[in-house]
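Taken together, the values in this text are just the output of simple stated rules run on the coordinates, not laboratory data. This structure is a prediction, so every number in the text was calculated from the model and none was measured. With ideal geometry, Cβ positions are generated from the backbone for all residues, glycine too; neighbour counts draw on all protein chains shown.
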Amino acid sequence: MRAALYARVSTHDQQTLGLQVEAMSASIKSRGWELVRQVKDVGSGAKDRPGREGLLKAARRREIDVVVVWRLDRWGRSLPDLMVTLRELTELGVGFVSLTEALDLTTPTGRAMAGMVAVFAEFEREVLRERVRAGIAQARRGGRPHGRPRTASLKADEVHRLKAERVSHSEIARRLGIGRTSVRRILAAG
């Protein structure tokens, strides 16, 4: 199998990069796989990961058969992001191995485990949605406001006054500290 390893460190813990690469390389070698790609990203997990995106593109081009990572949190930005990318790799027929969590999607047991994790992730999303809906319903029953504050609509009179003075939409938005879309919406409403 053609394997790619993906190592990521934040800017403040770069000393673990060598450890990650060494462990993954040894695992790939012990399985008899061929290491065809080695990707290292350095930076915060919330920012873009150009190396990971390149690796996903290589998977879409069928250049690799398995992705090996040190830990799941090195690969996924969040649980939903992790599940989306693992699902895509599975649909492409590309395996995924996380050494620390002993998750190996190249085996039937590993694929079953990933399925269970996906079920729990979906359950977590549904529970969160229910809580949000319940909170909104409770706020409505109590007559309390919910959602985003009505900041732009409170400035409607000022928007109309500035428009009457032939001020551009962009300038109105800048002066009042609201978005151009809000300006257009207010003016369209009359």
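Please rank Met116, Met1, fewest neighbouring Cβ atoms within 10 Å first, as an exposure proxy.
Ascending number of Cβ neighbours within 10 Å: Met116, Met1.
Hydropathy first: keep DSSP H helices in the chain averaging at least -1.0 on Kyte-Doolittle, then drop any whose Cα extent along the axis falls short of 27 Å, and list what survives.
Membrane-span-like by this criterion, though nothing is claimed about a membrane: 108-141.
Once you place label points 7 Å from the Cα toward the Cβ at Ser10 and Arg140, how far apart are they in nm?
Simple spin-label model gives 4.0 nm for this pair.
In deg cm²/dmol, rounded to 500, what helix-only [θ] at 222 nm does the chain give when every DSSP H run of at least 4 residues adds -39500 (n - 2.57) and the total is split over its residues?
Result for the chain, helices only: -17500 deg cm²/dmol.
May I ask you to list the GluC sites (Glu not before Pro) in segment 143-185 that are in a DSSP loop and have at most 13 other Cβ atoms within 10 Å of their Cβ?
Within segment 143-185, the qualifying GluC sites (Glu not before Pro) (loop, at most 13 other Cβ atoms within 10 Å) are Glu165.
Counting pairs on different chains as well as pairs 8 or more places apart, how many Lys pairs in the chain have Cα atoms under 22 Å apart?
Taking the chain as the scope, the lysine pair count is 4.
Efficiency by 1/(1 + (r/R0)^6): what FRET value for Ser153 and Glu122, r their Cβ-Cβ distance, R0 = 45 Å, to the nearest 0.05?
0.80
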